[in-house]
Each structure stands twice: as C-alpha cells, then as structure tokens.
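Worksheet: one structure, shown below.
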Amino acid sequence: MFDFFERQEQARRNTALLVLLFAVAVVSVIGVIHACVSLLLLFSPRFAMQAAPFRSMFLNPAIYRLTIPATLLLILCGTIYKFWQLRHGGPDIAERLGGRLVDPASREPREQRLINVVEEMAIASGLPVPLVYILDREGGINAFAAGFSPADAVIAVTDGALELLSREELQGVIAHECSHILGGDTRLNLRLMGMVHGILLLHLTGAAILRSFDSNYGGRKMRDSAPLIAVALVLYLVGFVGGFMATLIK
C-alpha cells in the first residue's frame with residue numbers, strides 16, 4: 001500500500017543526507033587544494049634543497065593554516081555573492097531564464113487556462129497563488145518552481161507545455177511544481193545553487209588567472225610566474241572536480 005506521508009518523510013531524510021554529502025564534497029575540495037599546494041611547495045627552491053617528505057609538508061601547520069582558511073573564504077565569498085544575486089527570489093530567477101510574466105487578467109486562451117490551473121492547484125495546496133511565467137522560446141515540455149518561500153515563489157511553464165498538454169496534463173505538471181514549493185524544495189535548490197557557485201568560484205578564479213597570461217608574455221616572464229600559473233591551474237581543475245561532485249549530488 002502506498003503511504004504518502006512515509007514517502008514524504010523519506011524524501012526529507014534523503015535531502016538531509018544529500019546536504020551532508022555536499023558538505024563532505026566541500027571538505028574534499030579543501031583537502032585536494034591543500035595537498036596540491038603542499039606538493040607545489042615541496043618542489044619549490046626553498047624546500048627542494050631540504051628534501052622534505054610530502055607527509056611533513058602536508059601536515060605542516062604553517063601551510064594548512066593558510067590553505068584551509070583561504071579556500072573556505074573563497075568558497076564563502078562565492079556563495080554569498082550568488083545568494084546576493086538570488087536575493088529577489090523566484091521572479092528574478094524566472095526573468096534571468098527568459099521568462100515572461102503572465103498578466104492574471106490576460107484574455108489569451110492558453111494564458112487564461114494556465115492562470116486558472118495555477119490558481120486551482122495553489123488553493124488545493126493551501127499556498128498563496130504564485131506569479132506565473134511563460135518561457136516563450138522553449139518548445140519542449142517543461143516547467144519549474146523557484147523561490148525562497150511560498151510568498152516569493154513563481155511557477156514557470158514552457159511554451160511547448162502550453163501547446164502540447166491537455167488541461168488535465170497541465171494540472172498534473174502544476175500540482176507537481178506546487179509540491180516543490182510546499183515541501184521547501186525550491187528553497188533548498190536556491191541554497192544549493194549558492195553553494196555550487198562557491199565551489200565553482202575556484203574554477204572561475206583559476207580560469208581568470210590563466211587568461212591573464214596571454215601570448216604577449218615573454219618566456220622569462222612566464223618562467224617567473226610559474227608558481228602563480230601552477231596555483232591557477234590547480235584552482236581551475238579542482239573547481240571542475242567540485243562542480244562535478246555537486247552535480248552528482250543534485
């Protein structure tokens with residue numbers, strides 16, 4: 001027998017597990033960066049003469065007191081910046097994705113049907129009626145809900161969904177999106193977006209540094225900048241790893 005409330009509770013437990021795994025991913029990224037920096041320093045002129053083992057470099061307090069806070073600060077800055085970008089909630093996200101706000105008083109038949117279905121499903125769910133957006137340039141069948149809370153939530157539907165779905169099918173899609181708003185999934189997704197951007201900032205920072213070394217740099221200047229280039233390359237590659245892990249978790 002299908003137990004809806006048991007499935008709902010199981011989904012909440014799975015969500016908590018995914019957030020925990022994401023935290024583990026962040027710690028893993030920090031560990032990889034620390035290991036790479038330790039390895040780079042191991043071959044630097046200052047330490048190469050000492051023939052120090054990698055383990056001693058990895059456990060050197062002077063190194064991890066620098067790499068761990070610096071990496072955490074970079075991730076935190078990226079996360080805060082993305083949260084600041086998303087501070088306006090659902091409407092801003094829908095518009096960034098090319099959504100067009102639908103006037104509740106619209107007389108266009110498809111838009112009127114969509115507004116009526118959203119109102120029906122919101123009332124049935126006990127939610128405030130969200131703003132409705134249409135993605136005019138999207139011919140596929142899709143929809144999404146976004147927002148930090150039911151008060152700023154929106155529902156966006158592709159033009160293809162309006163064109164190809166019957167009223168009953170559209171009700172099912174909108175009911176599904178209302179469940180995301182009611183269950184707090186939209187809030188979790190926005191938080192994950194901020195955290196993912198924090199990790200991807202490592203990649204973006206590395207890419208920006210690498211771009212700064214263009215073909216105009218001479219060979220000597222490039223050799224003098226080799227440590228910075230190596231660090232940038234590490235950030236670039238580790239950022240990919242962090243983003244890939246976050247995508248898997250999502």
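The values are calculated or read from the model by the stated rules, or taken from the named source; none is laboratory data. On a predicted model such as this, the values are computed, not experimentally measured, just so you know. Cβ sites come from the backbone with ideal geometry, for glycine too, and all protein chains shown count toward neighbours. SASA here: full protein model, heavy atoms, side chains in, ligands and nucleic acids out. Shrake-Rupley method; radii C 1.70, N 1.55, O 1.52, S 1.80 Å.
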Do we find a residue being touching a residue at least 40 places away in the same chain (Cβ under 8 Å) and in contact with an Asp or Glu (Cβ under 9 Å, 6 or more places away or on another chain) anywhere in the range 66-87? yes
Counting only helices (runs of 4 or more DSSP H) wholly inside the range 176-250, the ones holding at least 2 residues that are among the basic types (K, R) and at pLDDT 75 or above are 185-212
Helices (runs of 4 or more DSSP H) lying entirely in the range 1-76 (those with 2 or more residues that are surrounded by fewer than 14 Cβ atoms within 10 Å (Cβ to Cβ), at pLDDT 75 or above and within 25 Å of the chain's Cα centre (by Cα)): 4-42
Per-region count, the range 146-155, residues open to solvent by less than 60 Å² (accessible area, probe 1.4 Å) and more than 16 Å from E119 (Cβ to Cβ): 5
Could you check, for the range 97-110, whether at least one of its residues is in a helix (DSSP H, G or I), over 19 Å from N189 (Cα atoms), open to solvent by 40 Å² or more (accessible area, probe 1.4 Å) and of a type outside the set (V, I, T)? yes
